[in-house]
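Each value in this text was obtained by applying a stated rule to the coordinates, not by laboratory testing. Remember, it's a predicted structure, so these values are computed and weren't measured experimentally. Neighbour counts run over all protein chains shown; Cβ positions are idealised from the backbone, glycine included.
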Amino acid sequence: MTSGKPVAHPGRWALGLLTLIGVGAALLLRIPPSPGHHGAPPGPELITRGAYLALVGNCAGCHTAPGGAELAGGSALPTPFGKVYAGNLTPEPETGLGHWSADDFWRALHEGRSRDGRRLLPAFPYTSFTQVTREDSDALFAYLRSRAAVKQANPPHQLRFPYNTQAAMVLWQWLFFTPGKAGVTAPAADPALDRGAYLVNGLGHCAACHAPRNTVGAPGNEMTGGDMPAHDWFAPSLHPVAGQGLTEQDLVDLLRVGRHRLGSASGPMAGVVFRSTQHWTDADLHAASKYLLSLRPEKAPSPGAAPAMQESPSVGQQLYDERCADCHGAQGQGQPGVYSPLAGNPTVLQPSVRNLVQVLEHGSFAPATAGNPRPYGMPPQDLSVAETTALINHLRQTFAERAPPVTEVDVLRFR
């Protein structure tokens, strides 16, 4: 069981330590597989509840290969440590979960351990799933057991040494993982905040992308934003930003429809909205949004010194007038419900320009949702590094006064 959440590039200092300390523990801490007893067949209500939880956790997002059978695994998940392949979650005995019990499944989510006791790779975000309740784990397992069995063997992971060893996983869990440990918790005894914290920090596993990671891929305790180098995107901070003015309804709209009054979901987040959050209940969307707005506020970025521009400062304005103004407006106001505004747009305001570079180079395509079935997209722009730099600086200096300027070196890093 794995997930496609990328991790930061590892430091070489840890390689020998991982091997020396973990090799003995890997041999001592194996758990024999359970006999695989499943008890009475689950009822339809439990399966229906599990189907909803599978949407909340976006299980199909990683465990369904492009063009493949749903939840049968086999999709390649690139990480800076090497390539990982998501497992088969169907109840097929030889290649899936057919011999697993509800206890085995709970142990995988709660302890990060497979049926035979092996430590699972942290690409499967058990650091978040450990907060899932036993009741929800059983419901999710009941749903997976109800799916059609698909016999599909998983390709072997392609990880560099020692990250392909159980010794490394034993040490990683010992250093960075405590089963059942909660992440950022709700600040008050409010049922909606508690539910939102459970969704965001647990099955929703938002921290898997939106929390910064250390040199060996362990996530931080706050969702202040994280690089996704394997996907060339930056997962922005989920903390509210002073002066940005996003409301609970804005966040609900983004998660349900794929856009709000200041912008739209693109890149990996568009896939999350398409496969997962648009299917959440209204109550859960509001609970998660309320919780996110309760997190520690962040200060708006401070402006930096203007870069030494190799192009005329008017180049950015000219490029904007030629390529952007027809849709986004001369003042960056956009067209409500059609084209996102650039004035106050969170992507324009982000400290990192990684996502702006990706949008200009590859285009931006919002997800098709029930509330926005035919979203407008933006085509890729054929721009040089100098032109991209000039346009980005024009956007940030015109529509985001607090955003620091960038140089061509910054743009080159993300192309």
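Laid out as a table, the results:
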item	result
Two-site FRET efficiency, ALA60 against GLN244, from Cβ-Cβ distance with R₀ of 22 Å, rounded to 0.05	0.10
Inter-label distance for ALA148 and GLN397, nm, one decimal - labels placed 7 Å from Cα along Cα-to-Cβ	5.8
Theoretical gain in end-to-end length, THR281 to GLN331 [0.36 nm per residue, Cα-Cα removed]	14.4 nm
Listed peptides 274-282, 358-366 by packing density, highest first (mean Cβ within 10 Å)	358-366, 274-282
Label-point separation in nm, ASP321 to LEU412, each point 7 Å along Cα→Cβ	3.0
Neighbour-count order for GLU94, GLU408, fewest beta carbons within 10 angstrom listed first	GLU94, GLU408
